[in-house]
Amino acid sequence: MFNREMYNKRMEWFKNDRFGMFIHWGLYSIPARGEWIRSTERMSIKDYEQYFEEFNPESFEPEVWAKLAKEAGMKYAVLTAKHHDGFCLFDTKLTEYKSTNTKSGRDFVREYLEAFRKEGIKVGLYFSLIDWHHPDYPHYKDMHHPMRDNKEYEGKVHNFDNYLEFMHAQVKELCTEYGKLDMMWFDFSYGDMKGEKWQADKLMKMVRTYQPDIIVDNRLEVSGEGFGSIATQNPTSYSGDYVSPEQIIPPNGLFDEEGNELAWEACITMNDNWGYTALDKNFKPASTIIKKLVECVSKNGNMLLNIGPDANGRIPKESVQILKEIGSWMKYNNKSIYGCKASSIPKPENGRITQNGKKIYYHVMENSIGYIPLYGIKTGEVEKIRLLYDGTELKIVNNWIVNNYPDIVFVNISKTPYLPDSIDTVVEVTIK
Ligand code: GLC
């Protein structure tokens, strides 16, 4: 049964922290054509074996990843413990298909967890429900399996119960042998492969037995498509805790059937791929990502921003640069992100608004001619106004230029035609 009180309690940090790092990394980082390569190129296990033989990421330094995440202002992280190809970055006892059996011999999940915890970053693991390496996962005519149209597999019988036993046992390993996990990111359901097909009730009971406070996404029921029963008044035991829109920020935020706020997290790539993709240089500018993070928070959502380290374990230099730029904005403006949520004041035309109790944050993204209008508040309600990045006092303007608009508070943040921060200048209004 879904317990609303326990739910609200465990979701506190998630709603506070707002910004996380997604990390897609595995054997597919070698061919560097995306993490779906086995499926898109219809590769057999044998075709893919060369990457297992080769995998030896000598530059894997999770401390470097963790420091960068921290610098960018990220508060939690999610690493692909196992992606759809079935390769495990941890020392599972249930398959030989794991990183400790490659040349590297390392348990990358354990090293990642240690490094990120050390930086005070909450830790999550991505775990693929789909497994293209396991003989008992459906092959022929499955929607995504690399062998889905290979006639050799037609009529082949797969013992799916056997697969489920394996999958559940792997999740148990992660939940019992790696300390406290803050998040489990299951991925994903499709067609009739959803909910009880995964024996999801049993799986979630086990997960919550060993990790009572863990936060889980909604993909035991859905994928990036669909919200699942968490959006209804009667969530299942495996509804998960939040909706996981992929490559989109919900235009109006998300609400349940009754119109109550729904927790969500938009997972977003920096370029166009999750796994390292050498030829994909379509990186979004840091300024866009900063504005989109603000957009998420202004709609009660989180952002999980992806990096795809290369086969050697290095984060692409473009991503490093972007994270640093985000960090230099976050360093001065993070109070307008952490602990913030949507405001009841509608989105103003010059930017967005986030709010934390009596602090209203006006994210000014477009300059005015002259004074900046702060919509939705009246002079009498204002206790004080500050520029967030340096704490400068801003006085309410009162002169003939603005006096025709008595319902709007105006401030002066620049004497030039340019905003002090051209991406997003944050004005902090404390109300009485
Ligand atoms: C998808 C993809 C996957 C990626 C994930 C991230 O559902 O299957 O490759 O890991 O989305 O959200």
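The values are calculated or read from the model by the stated rules, or taken from the named source; none is laboratory data. This one's a predicted model, so the numbers in the text were calculated from it and none came from an experiment. Neighbour counts run over all protein chains shown; Cβ positions are idealised from the backbone, glycine included. Ligands, DNA and RNA are excluded from the accessible area calculation, which covers all protein heavy atoms including side chains. Shrake-Rupley method; radii C 1.70, N 1.55, O 1.52, S 1.80 Å.
Work out Dmax and Rg for region 349-402 from the C-alpha atoms and quote the Rg first, both in angstrom.
Answer for region 349-402, Rg first and Dmax second: 11.5, 33 Å.
Please state the Cα pair-distance histogram of region 170-244 with 5 angstrom bins from zero: what percent is in each bin?
Whole-percent P(r) values from 0 Å outward: 3, 18, 29, 25, 16, 7, 1.
Straight-line reach from Lys46: which aspartates and glutamates have Cα under 19 Å away, leaving out those fewer than 8 places along the same chain?
Glu35, Glu54, Asp85, Glu96, Asp131, Asp136, Asp149, Glu152, Glu154
Along each principal axis of its Cα atoms, how long is region 203-276 end to end? Whole angstroms, biggest number first, please.
Extents along the principal axes, in whole Å: 38, 34, 18.
Taking just the alpha carbons, could you work out the radius of gyration and Dmax for region 242-385, both in angstroms?
Expressed in Å, the Cα Rg and Dmax of region 242-385 come to 17.2, 59.
Taking only the alpha carbons of region 129-192, what extent do you get along each of the three principal axes, in Å, biggest first?
Principal extents (Cα only, largest first): 44, 20, 18 Å.
Along the Cα-to-Cβ line of Glu5, 7 Å from the Cα, sits a label point; which residues in region 207-232 have backbone N less than 13 Å from it?
none
Starting from the Cα of Arg117, step 7 Å toward the Cβ, then list every residue of region 91-109 with an amide N under 18 Å from that point.
Residues passing the 18 Å test: 91-92, 107-109.
Please pull out the direction-averaged projected area of region 1-110, using the convex hull of its alpha-carbon atoms, in nm² to one decimal place.
Quarter of the Cα hull surface area: 9.6 nm².
May I ask you to give the average projected area over all directions of the convex hull of the Cα atoms of region 93-165, in nm² rounded to one decimal?
The directionally averaged projection comes out at 6.8 nm².
Would you calculate a helix-derived [θ] at 222 nm for the chain, using -39,500 (n - 2.57) for each DSSP H run of n ≥ 4 and dividing by the full residue count, to the nearest 500?
Values: 10 runs with 107 residues, N = 432.
Roughly -7500 deg cm²/dmol at 222 nm, from the helical runs in the chain.
Going down the list Lys75/Lys341; Lys98/Lys172; Lys292/Lys347; Lys103/Lys317, which pairs span over 18 Å between their C-alpha atoms?
Flagged as over cut-off: Lys103/Lys317.
Using Cα-only point scatterers and the Debye equation, what is log10 of I(q)/I(0) for region 307-432 at each q in 0.13 Å⁻¹, rounded to two decimals?
-0.57
Using the charge dipole of the chain (Lys, Arg: +1 at Cβ; Asp, Glu: -1 at Cβ; taken about the Cα centre), state which of Trp36, Ile290, Gly86 has its Cα farthest towards the positive end.
Ile290
Springs between alpha-carbon atoms under 10 Å, Gaussian network over the chain: tell me which of Asn271, Asn367, Asn403 tops the mean-square fluctuations.
Checking each option, the largest mean-square fluctuation is seen for Asn403.
Can you tell me how region 125-268 classifies by the Cα gyration tensor, rounded, prolate or oblate, using a/c under 1.5 as the rounded cut?
oblate
Given R₀ = 45 Å, what would the calculated FRET efficiency be for Lys317 paired with Glu349, taking r from the Cβ atoms and rounding to 0.05?
Working: r = 37 Å, r/R0 = 0.82.
The pair Lys317/Glu349 has a calculated efficiency of 0.75.
Take the Cα radius of gyration of the chain and divide it by 2.2 N^0.38 Å, with N its residue count; two decimals is plenty. The partial results should precede the final answer.
Numbers: Rg = 23.6 Å, N = 432, 2.2 N^0.38 = 22.1 Å.
The chain yields a ratio of 1.07.
Where a ≥ b ≥ c are the square roots of the eigenvalues of the C-alpha gyration tensor, would you call region 392-432 rounded, which needs a/c under 1.5, or, failing that, prolate if a/b is larger than b/c, or oblate?
In terms of gyration-tensor shape, oblate.
If you roll a 1.4 angstrom probe over the protein chains with everything in place, what fraction of the accessible area of the chain belongs to carbon and sulfur, to the nearest %?
After summing per-atom areas, the C and S share lands at 50 percent.
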